[in-house]
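Single-structure report; data block below.
Quick note: the coordinates plus some simple rules give every number you see, no bench work behind them. Because the structure is a prediction, the values reported are computed rather than measured. With ideal geometry, Cβ positions are generated from the backbone for all residues, glycine too; neighbour counts draw on all protein chains shown.
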Amino acid sequence: MTAAPGKRPRGTLTTTCAVLLAAVLARPELIPTAPGHLGSLTDTLLPWTVLALPALLAAALLRRSRAALAAVALPLVLWLTAFGGTLTDKSAPDGDLTVVSHNVNQDNPDPQGTARGLLAAHADILALEELSPETAPAYERALAPAYRHHFHQGTVGIWSVYPLHDARSLPIMPWSRALRATADTPHGPLTVYVAHLPSVRVTPTAGFTTAARDEALRRLTNRIRAENAPRSLLLGDFNGTADDRALRPLTSRFTSAQATAGAGFGFTWPSGFPVVRIDQILVEGGRATSAWTLPATRSDHLPVAATITF
């Protein structure tokens, strides 16, 4: 049936929205970084564009528009192409060591209980972020029986069943929120970085405020590049997803344990209803064989875990 002169065909708005969504899914890098770091925000929220598909489908059916139905199929195919593999279980049973990272929340009212929950993972290497002068001693006491070796500086710390050496803080911010240490594992020396990058916010005036995070990220990346360790792990809360283009200086060098060996998106924040994965386990010179999130603690983040083989 032909539309009357001067009248739009049925489903024109739905078709237009579907095509625009398809364009974003196909080429998210075309969304400019400025203004307001919109590109990084788009990268972060891209998996959630799936929520628009049922609404577009319903609108196409309501308008009885074949063109709109065909248009809705395009972003559906592109979303499945981009994220369908993420939903499959890519884990394998083998692995040389287990690592865990957790932003424990400086206001955590139960550090002892949080430590007990983390101990249940039997990690060989454990990284903690957002320690405070009040809670750090509680974690040190609770974790001491399982971990003979540890180093804590500022708000970050590492606990290891293997000896640690050359442990030191990395000055990526005015206060200590990053460190490095070398663990003498049975499979050879392993450089471990632990970092907690500055928080980001979404505001009506400034948009996605990432300037402080991106500057700390630049300093951290320069430190890692200068050391150029052949085998390393980067653990922590990056306040950004592995898909965020701002993190590419790191993600181009490291591989994400969750992307390589996880099942699903592995969202970690907020713990009550996670919508993004900002807590990462990144690997260089090795391969993750499984990755998962641990049960919730009294923190606002979920702990993340992975097994690594070298």
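Observations, loosely collected:
- Each of Gln280, Gly95, Thr307 was scored by the projection of its Cα onto the charge dipole of the chain, and the greatest displacement toward the positive side belongs to Gln280; charges sit on the C-beta of Lys, Arg, Asp and Glu.
- Radius, Kirkwood style, for the stretch 165-218 when every pair of distinct Cα atoms is counted (Å): 13.0
- Only Cα sites of the stretch 12-87 enter the Debye sum here, all with the same form factor; the resulting log10 I(q)/I(0) across q = 0.18, 0.26 1/Å is -0.71, -1.14, listed in q order.
- Over 33 Å [Cα-Cα, the stretch 97-309], rounded percent: 6
- Quotient of C-alpha Rg and 2.2 N^0.38 Å, computed over the stretch 228-310: 1.04
- Fraction of alpha-carbon pairs over 18 Å apart in the stretch 184-282 - percent: 50
- Euclidean distance between Cα centres, the stretch 22-55 to the stretch 200-241, Å: 20
- Its alpha carbons give the stretch 61-159 an Rg and a Dmax of 22.6, 68 Å.
- Kirkwood radius for the stretch 108-205, taken over all pairs of different Cα atoms as the inverse mean of 1/r, rounds to 14.3 Å.
- Structure-based [θ]222 nm, the chain - -39500 (n - 2.57) summed over DSSP H runs of at least 4, per residue, nearest 500: -9500 deg cm²/dmol
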